[in-house]
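Beneath this line is the structure, given in structure tokens, with notes to follow.
The values are calculated or read from the model by the stated rules, or taken from the named source; none is laboratory data. None of these values were measured; they are calculated from a predicted model. Heads up, the Cβs are rebuilt from the backbone with ideal geometry, glycines too, and the neighbour counts pull from every protein chain shown.
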Amino acid sequence: MKRFITAIALTASSLALIGASQPQPKPTAPQEKETAEIGEKAPDFTLKDQFGRTHKLSDYEGKIVVLEWFNESCPYCLNAWGGGLLPSVLESLDEVKTKVVYLAINSTANKPQEKIFESGKKFLEDIKVNIPLLSDYDGKTGHAYGAKTTPHMYVIDTDGILAYQGALSNDKRFKKGKKAKIYILGAVEQLVAGEEVSPSYVKPWGCSVKYATEGEGKRNRPNRGMNPGPLL
């Protein structure tokens, strides 16, 4: 009996030593959030527009900022701009009492940067729209915001807090005309009235953002099978 008890004690001691010799897992540090979230400070950025002017988000504090992820070769953007929807939105924003800044950001990287820049610039000139078109060729700003589609919209309040992100409107097929609900207009109007923005998120729709992919010379392939309806 004594031998049996001694054997158990030795086994327990051996297991304890083995456990002590194993490396203990280190506590994991809290991970930083990868993308912007509603109610938090919008990620700052410094980007150049089609005329070489530098735009820094923090310079616009005190103003409401609307961001649009843009790609003039995307059928959804073509409909939104060419059909007159977004130009009319710009007119409405000009009438808001609080100053509103509208910035289009292009994170497209499936062509040489110079071609993308010139193509976007020409598109806006052809439709006679004068807004800053910012180049985010490396995609850092797009990834910081979690921009997924063109268009993907964001509204930032006067304190630099992200108040809305998501779809442009509830009219993905551009069939509702003036009856469409324009989410960014609603968000801006609520901010000016001192109200809570609701909805603060609506699932975005459009073409996928054509970010640069890993590996030299590799780019995302353009979307296939997208049908936003007839171009206007």
Response to the item:
Going through (1) more than 15 Å from the chain's Cα centre (by Cα); (2) surrounded by 12 or more Cβ atoms within 10 Å (Cβ to Cβ); (3) modelled with pLDDT under 95 one by one, Ala36 fails only at (1)
Practice prompt. Identify all residues within region 52-87 that are free of Cβ contacts under 8 Å to residues at least 12 places away in the same chain and of a type outside the set (S, T, N, Q); write none if there are none.
Written response: Gly52, Asp59
Worksheet item: Taking the condition under 25 Å from Gln190 (Cβ atoms), of a type in the set (A, V, I, L, M, F, W, C) and either touching a helix residue (DSSP H, G or I) at 6+ places or on another chain (Cβ under 7 Å) or not in a loop (DSSP other than H, G, I, E, B) (or both), does Val101 pass?
Response: yes
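Can you name the residue in region 55-79 that is closer than 19 Å to Val129 by Cα and of a type in the set (Val, Ile, Thr) and, of all such residues, is farthest from the chain's Cα centre (by Cα)? Show your work before the answer.
Filtering region 55-79 for residues closer than 19 Å to Val129 by Cα gives 55, 65-79.
Adding the requirement that they be of a type in the set (Val, Ile, Thr) leaves 65-66.
Details: Val65: 13, Val66: 11 Å.
Per the stated criteria, the residue is Val65.
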Practice prompt. Scan region 58-83 for residues that are loosely packed, with under 14 Cβ neighbours inside 10 Å and either on the phi > 0 side of the Ramachandran plot or aromatic (Phe, Trp, Tyr) (or both) and report the count.
Written response: 1
Discussion item. Looking at region 85-106, can you tell me whether even one residue there is buried (at least 16 other Cβ atoms within 10 Å of the Cβ), of a type in the set (S, T, N, Q) and either touching a Cys at 6+ places or on another chain (Cβ under 9 Å) or under 28 Å from Asp44 (Cβ atoms) (or both)?
Written reply: yes
